[in-house]
Amino acid sequence: MTVTSLSYLLFVLIIWLLARPLKSAKARQILFLVASYVFYGSWGGIFLAILLASSILNYGLGILIRYRPTLGRLWFGIGLNLLLLVLFKYLPSAIFVSVPNPTSFSFLHEIVMPVGISFWTFQALSYLFDLYREEDLDPTLIEFCLYMAFWPTVLAGPVCRLPEMLPQFRQVPPVRWDDISEGTRRILIGLFMKMVLAEVLANGFSPGEGVAAGFDQTSGGWGGLDVWLLSTGYGLQLFFDFAGYSHIVIGTALLFGVSLQENFDRPYFSQTPSEFWTRWHLSLSFWIRDYVFMPLATVQREIWWRYTSLVLAMMLFGLWHGATALFLLWGAYHGLLLVAHRKLQQLQRRWKIRLPESVFSVLSWGVTFGLVSLGWVFFRTHDVAQALTMLGSVLSPRGYGQLALRPNFYILTSLIILGYFVYHLIEMGLVHLKKNPWPERIFWLVSPVQYAVVLLLTIAWSKQEAVFVYFQF
Amino acid sequence: MRSLKTLIRHGYVPLTSLCLVLLIAHWLRTAAFDPLVAAQNERIRFQRGGESATNAAGLGPAELALAERVLEKHRASDGKHTELLYVGNSQTMAIMDQKPGDMITPQWLQVLLARQVPFGQRDKNGAKHIDVNLGSLPNITAPELLIQLVAAGEKSPRQVDILVAAVVLEEFRGLGIRDEVEKLADLPTVKTRLRSLLDQGHELPTIHSSLQSLLNSNSSTSNQSTGDVPTGSHSQRVEKHLQESLDRVPLFSERDNLRMQVALGYHGWRNRLLGITTTSVRPVPESSYRASLEIIELALRYAQSANIQVVIYLAPIRPIQPNPNLPSDVARFRRDVPALCQRYEVKCLDYLDLVPEALWTNYPDEAVGSEGERDFAHFTGAAHKLLAEKLMADVGQQLGIVEQEEKVSRR
């Protein structure tokens, strides 16, 4: 059951109707836990067994650490969780990449990675870290299992933290119209982003016209413009895919009065690489900052070590997606961008470079957007050779006259990129006009047209099978 | 008063949105929309069955019935006939300015072949009747051709003994695979065969990129294998049932049409804005051209290994100027495809100039607009007949001969 399926919508409706009359937090927790296990179990009984085993194991580890928070116990817990990740996620792919003839490892073919394992394992780790830091956390087994398996987040996050979830699990919030309305709106917007925008970007209106075909054309032949548009288009496709998913799950949780952490905040409006990481996949980005970068950076006081920690943390960020050279390169690339940004800031201060603020903002935004977009080449290509070929095309001025893709790709991708920025600029403009109530009122009056179009397009594309990119991580 | 205000505040947006959706849904239901025709010149008629029976002149009832059979979709082989799979783009499926008695090339080919060996009979050498199956798709790409061939070849009993493929220069511009064909590639036997073909095709650099992602995953959204619900799982069955139930609701049953209308609206808008007409030059990108050639080579390899007789013809192009095909593209197409066929000892017929201008349309077509814009892909019924007769003259006697020879040697 995926979150874009009809069965999911029906499932949410049934749980909502069942949860509504419940007055006790315990009863709600039990209902949510059963629902979560039914939902996750729909992906495979063995996946559910692994999740259950991990939940019980981490709950036990939590008791141990709470009883005596020693570094040894923490490392033991980290080790066990990493072992789980290595066994199900990294080992099978690593063996097949590194061993030329892996027939003796054919049993690894049988290992299937439980969906969302990286997300709920990181949730378990954050629980252990928080306990080690002696945070006051005392979940019951049911509460902890629910935290690990909560159905809106179990497949692909957002990566939650127990201190934020526990108080919400322990209350029975009243049914509020605003929650239902906002939850439904976010589900609709999420479905539209994933099923229409991400899909059109990936595949165009007919096969071979989208970003997917452009990247799959590994025979080469891309010109510089092709690569720029492919990488930007893929960045936006990934955004619509994952942010769309996040809207759906945050909206779903809101229907039940549970507020989840936001995962995206207009990331492509960032003016620096550092800002980008406070707007893109926030739940994981902040996890890496709090539990990897901060502890690592405080080991030594020297500036070089701070930068090394930054690159190492970002490499781990990359590896979280999978044990491939490309993800490692993508992480390292972003780590280096962050270091370069800090260095540039120092130089700017030292040389006292001053530009008009608007010019500086546009310039910063343009450079950040370009560099972040180019980084998606590492994320999406099939192998390092393809990534280098594509990046080589960007650096070759002669290639800019060469267009190797279908005309519709250029037009559709450009239109969607433009549409994304125009829409958000209008939205931001309306926020600025808040002192005057009339623009908001007019927007409210005409908003049914917007929602009708969104709903119709979502229905039109709803027959397509939707597979989320982030379900593989 | 206060509760009314609250009701308006809360109910206005969702209720008005829903009303608008229902209004548009009603309009969609009442507006006649045929996705196959909507994107084309209005004078083109796609053959779906029934046309030849009502319009035909000069054919006997048995021949008419055979011609109709060609248009039957998903017809299973009974193993009693030699199966001929006819694959091409919309040129092989549609007639321009259709007149009574007009049929498409595969139908004419069926009629002419049946005159050699009638249905249910064998000739004096023991050769079976050849049954023509139409496997064409509008804008068929090389990967789609390959998948159609392998899917037909891997069925039991197999549905292709002879392949007649119309190779179209225009379709070398794309490598996409539509969902319905992608589903064929998901069948275990087809997937296994495609994978082994890929494994044996190391010297063809582009095929891996064109087909690997298809074989690796069901999704084209990423190069990585995706976590997917196990096929045939309970949840999938529930979802399928729900989708089928929803298809009975008018708005949802129009989903495909609505999507196509959006796409058509976009294309119309794009063409008007950029001044694109059917005469606008459409160069074939080098990368997709090379990949298409290599995938056709893979199809020939498969045919060779599965003992499928192959006839390829270069689909006719309209001989007028201005023309959307670049002369240099036509020249290399005319050179490369026959050279490829020669390597695999496959008959390749150059029909690029076969259809004279007089047989492309019965009416003037200089007017601009969807109903009158000049068409470079589809020709009249007379041209379809001409093409079928030429095919018969060039290869009719040899079709099915491989099987005959085999039988002789088996005896």
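The values are calculated or read from the model by the stated rules, or taken from the named source; none is laboratory data. Please read these numbers as outputs of a predicted model, since none were measured by experiment. Methodologically, a virtual Cβ is constructed for each residue, glycine included, from the backbone with ideal geometry; neighbour enumeration extends over all protein chains shown. Just so you know, the surface numbers come from the protein's heavy atoms only, side chains and all, with ligands and any DNA or RNA stripped out. Shrake-Rupley method; radii C 1.70, N 1.55, O 1.52, S 1.80 Å.
Please state which one of B:175, B:145 is in contact with a helix residue (DSSP H, G or I) (Cβ under 9 Å, 6 or more places away or on another chain), within 14 Å of another protein chain (Cβ to nearest Cβ) and part of a helix (DSSP H, G or I).
It is B:145.
Hey, among B:326, B:314, B:300, B:293, which residue is buried (at least 16 other Cβ atoms within 10 Å of the Cβ), out of contact with any His (no Cβ under 6 Å at 6 or more places or on another chain) and at pLDDT below 95? Spell out how you get there, then give the answer.
On the way: B:326 fails: buried (at least 16 other Cβ atoms within 10 Å of the Cβ); B:314 fails: at pLDDT below 95; B:300 fails: at pLDDT below 95.
It is B:293.
In region A:255-280, how many residues are of a type in the set (Val, Ile, Thr), open to solvent by less than 40 Å² (accessible area, probe 1.4 Å) and under 16 Å from residue A:158 (Cα atoms)?
Residues flagged as of a type in the set (Val, Ile, Thr), open to solvent by less than 40 Å² (accessible area, probe 1.4 Å) and under 16 Å from residue A:158 (Cα atoms) within region A:255-280 amount to 1.
Being away from every other protein chain (no Cβ under 11 Å), in a helix (DSSP H, G or I) and surrounded by fewer than 21 Cβ atoms within 10 Å (Cβ to Cβ) narrows it down to one of A:18, A:10, so name that one.
None of the other options fit; the residue is A:18.
For residues that are of a type outside the set (Lys, Arg), within 13 Å of residue A:142 (Cα to Cα) and open to solvent by 60 Å² or more (accessible area, probe 1.4 Å), scanning just region A:21-56, find the one that is nearest to the other protein chains (Cβ to nearest Cβ).
Checking each candidate, the answer is A:34.
Restricting attention to region A:372-427, and to residues there that are of a type in the set (S, T, N, Q) and within 29 Å of residue A:454 (Cα to Cα), which single residue is farthest from the other protein chains (Cβ to nearest Cβ)? Reasoning before the result, please.
From region A:372-427, those of a type in the set (S, T, N, Q) are A:373, A:381, A:386, A:389, A:393, A:396, A:402, A:408, A:413-414; that's our starting set.
So of that shortlist, the ones also within 29 Å of residue A:454 (Cα to Cα) come out as A:373, A:408, A:413-414.
Details: A:373: 17, A:408: 8, A:413: 13, A:414: 11 Å.
That would be A:373.
With respect to the numbered conditions (1) modelled with pLDDT under 95; (2) open to solvent by less than 30 Å² (accessible area, probe 1.4 Å), which one is the sole condition not fulfilled by residue B:355?
That leaves (1) as the condition not met.
Restricted to region B:269-287, and to residues that are surrounded by 13 or more Cβ atoms within 10 Å (Cβ to Cβ) and not in a loop (DSSP other than H, G, I, E, B), which residue is farthest from the other protein chains (Cβ to nearest Cβ)?
Of everything passing the filter in region B:269-287, B:271 is farthest from the other protein chains (Cβ to nearest Cβ).
Among A:449, A:394, which is under 30 Å from residue A:326 (Cα atoms), over 22 Å from the mean Cα position of the chain (by Cα), of a type in the set (Val, Ile, Thr) and in a helix (DSSP H, G or I)?
Details: A:449 fails: under 30 Å from residue A:326 (Cα atoms).
Every option except A:394 fails the conditions.
Open to solvent by less than 30 Å² (accessible area, probe 1.4 Å), part of a helix (DSSP H, G or I) and more than 9 Å from chain A (Cβ to nearest Cβ): is that true of residue B:337 in this structure?
Answer is yes for this residue.
Please verify whether residue A:200 is modelled with pLDDT of 90 or more, facing chain B (nearest Cβ under 10 Å), touching a helix residue (DSSP H, G or I) at 6+ places or on another chain (Cβ under 8 Å) and surrounded by 22 or more Cβ atoms within 10 Å (Cβ to Cβ), treating the condition exactly as stated.
On the way: modelled with pLDDT of 90 or more: yes; facing chain B (nearest Cβ under 10 Å): yes; touching a helix residue (DSSP H, G or I) at 6+ places or on another chain (Cβ under 8 Å): yes; surrounded by 22 or more Cβ atoms within 10 Å (Cβ to Cβ): yes.
Answer is yes for this residue.
Return a yes/no flag: does region A:404-415 have any residue that is assigned to a helix (DSSP H, G or I), of a type in the set (Gly, Ala, Ser) and surrounded by 16 or more Cβ atoms within 10 Å (Cβ to Cβ).
no
State the number of residues belonging to region A:418-450 that are touching a Phe, Trp or Tyr at 6+ places or on another chain (Cβ under 9 Å) and closer than 30 Å to residue B:175 by Cα.
Count: 1.
When you scan region B:348-363, how many residues do you find that are within 24 Å of residue B:311 (Cα to Cα) and among the hydroxyl-bearing types (Ser, Thr, Tyr)?
Qualifying residue count for the region: 1.
Of the conditions (1) crowded, with 24+ Cβ neighbours inside 10 Å; (2) under 26 Å from residue B:60 (Cβ atoms), residue B:121 satisfies every one except a single condition; which number is it?
Answer for residue B:121: the failing condition is (1).
Among the listed residues B:150, B:160, B:164, identify the single one that is closer than 23 Å to residue B:340 by Cα, modelled with pLDDT of 80 or more, away from chain A (no Cβ under 14 Å) and in a loop (DSSP other than H, G, I, E, B).
B:160 is the lone residue from the list that is closer than 23 Å to residue B:340 by Cα, modelled with pLDDT of 80 or more, away from chain A (no Cβ under 14 Å) and in a loop (DSSP other than H, G, I, E, B).
Every residue in region A:368-391 that is open to solvent by 10 Å² or more (accessible area, probe 1.4 Å) and not in a helix (DSSP H, G or I), please.
A:382, A:383
Identify, from the list B:113, B:64, B:85, B:109, the residue that is of a type outside the set (Gly, Ala, Ser) and either in a loop (DSSP other than H, G, I, E, B) or under 14 Å from the mean Cα position of the chain (by Cα) (or both). Show your work before the answer.
Values: B:113 fails: either in a loop (DSSP other than H, G, I, E, B) or under 14 Å from the mean Cα position of the chain (by Cα) (or both); B:64 fails: either in a loop (DSSP other than H, G, I, E, B) or under 14 Å from the mean Cα position of the chain (by Cα) (or both); B:109 fails: either in a loop (DSSP other than H, G, I, E, B) or under 14 Å from the mean Cα position of the chain (by Cα) (or both).
After applying the criteria, what remains is B:85.
Check region B:227-243 and report whether any residue there is more than 9 Å from every other protein chain (Cβ to nearest Cβ), within 16 Å of residue B:185 (Cα to Cα) and modelled with pLDDT under 80.
Scanning region B:227-243 turns up at least one residue that is more than 9 Å from every other protein chain (Cβ to nearest Cβ), within 16 Å of residue B:185 (Cα to Cα) and modelled with pLDDT under 80.
Residue by residue through region B:245-261, note down the ones that are without any contact (Cβ under 8 Å) to a residue 40 or more places away in the chain, in a helix (DSSP H, G or I) and surrounded by fewer than 17 Cβ atoms within 10 Å (Cβ to Cβ).
Within region B:245-261, B:245, B:246, B:253 meet the criteria.
Please work out if residue A:323 is open to solvent by less than 70 Å² (accessible area, probe 1.4 Å), within 14 Å of chain B (Cβ to nearest Cβ) and either closer than 30 Å to residue A:84 by Cβ or among the polar types (S, T, N, Q) (or both). Even if it seems obvious, please write down each step before you answer.
Values: open to solvent by less than 70 Å² (accessible area, probe 1.4 Å): yes; within 14 Å of chain B (Cβ to nearest Cβ): yes; either closer than 30 Å to residue A:84 by Cβ or among the polar types (S, T, N, Q) (or both): yes.
So residue A:323 fits the description; yes.
Looking at (1) more than 26 Å from residue B:318 (Cα to Cα); (2) not in a strand (DSSP E or B), which one does residue B:140 not meet, given that it meets all the others?
Of the numbered conditions (1) more than 26 Å from residue B:318 (Cα to Cα); (2) not in a strand (DSSP E or B), the odd one out for residue B:140 is (1).
Does region B:291-309 contain at least one residue that is assigned to a strand (DSSP E or B) and more than 10 Å from chain A (Cβ to nearest Cβ)?
The answer is yes, given that some residue of region B:291-309 is assigned to a strand (DSSP E or B) and more than 10 Å from chain A (Cβ to nearest Cβ).
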